[in-house]
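> Sharing a structure here in structure tokens format.
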Amino acid sequence: MVTTFYQQIKDALNRDLDGQLFEHCAVDLLNSDFPGISPISGGSDSGMDGGVFDGHGPPFPLVTTTGKDCMGNLRRNLTKYVSDGGTRRKVIFATSQKLTAKRRQNLFNSARDVGFDLLQVFEQTAIADRLYRNSNWCKTLLGLTGSPEPLATVPSGARRLLGEHVYGQSAVIEALQNSAGDKVLVGPPGSGKTFLLYN
């Protein structure tokens, strides 16, 4: 489901962004995927925009870019990391750019060519998904204020719960109805979580 706010985020990711700010944003947004991640700022970062501590030696590199030459950026950073004595051969990559399947595969191949295992590529869609749930970084990085749209358009005080219909959220309802197991609905008060459960 693509909402107006989500599309605004993707559009904003296509603009020229502050590379240093994107580095810090990426580290924060990827913390749930890689809990040992921390930013590494400055010109003497040895090819690392962030470091991921996994308990198996020194931190391995996070490489980020807002530029279009993703593969060139990755190769330059990994080459710098090795020439500065870096010993780990794992890397994760984050970019604000939208990547085709071929460009993603080229990144994996390029990392392998210089002796690295590219664990994950977080491209524009993955970054937008995380920004959608993070109003602080939406404002700081993209200058966007707002929040995800509510699940229902009926004011909370007017809900009778039964007999009402949720408009504009058919994809969400279908996904909930067609998935097995327990589900968790998260959202601010009045966004329609309970109302959705009755539909």
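The values are calculated or read from the model by the stated rules, or taken from the named source; none is laboratory data. What you are looking at is a predicted structure, and each value in this text was computed from that prediction instead of being measured. Please note: Cβ atoms are built from the backbone with ideal geometry, for glycine as well, and neighbour counts cover all protein chains shown. All accessible areas refer to the heavy atoms of the entire protein, side chains included, with ligands and DNA or RNA removed. Shrake-Rupley method; radii C 1.70, N 1.55, O 1.52, S 1.80 Å.
> ILE173: accessible area at probe 1.4 Å, nearest 10 Å²?
30 Å²
> So for the pair ASP54, ASP117, with labels modelled 7 Å out along Cα→Cβ, what separation do we get in nm?
0.6 nm
> Please tell me which of these pairs span more than 27 angstrom C-alpha to C-alpha: LYS98/LYS139; LYS139/LYS183; LYS102/LYS139; LYS68/LYS183; LYS10/LYS80; LYS98/LYS183? Spell out each step's value before the answer.
Numbers: LYS98/LYS139 21 Å; LYS139/LYS183 29 Å; LYS102/LYS139 32 Å; LYS68/LYS183 38 Å; LYS10/LYS80 31 Å; LYS98/LYS183 30 Å.
LYS139/LYS183; LYS102/LYS139; LYS68/LYS183; LYS10/LYS80; LYS98/LYS183, as the Cα separations exceed 27 Å there.
> Restricting attention to the alpha-carbon atoms of segment 56-118, what are Rg (one decimal) and Dmax (integer), both in Å?
11.3, 33
> Determine Rg/Rh for segment 1-153; Rg is computed over alpha-carbon atoms and Rh is the Kirkwood hydrodynamic estimate from the same atoms.
With Rh from the inverse mean 1/r over Cα pairs, Rg/Rh is 0.99.
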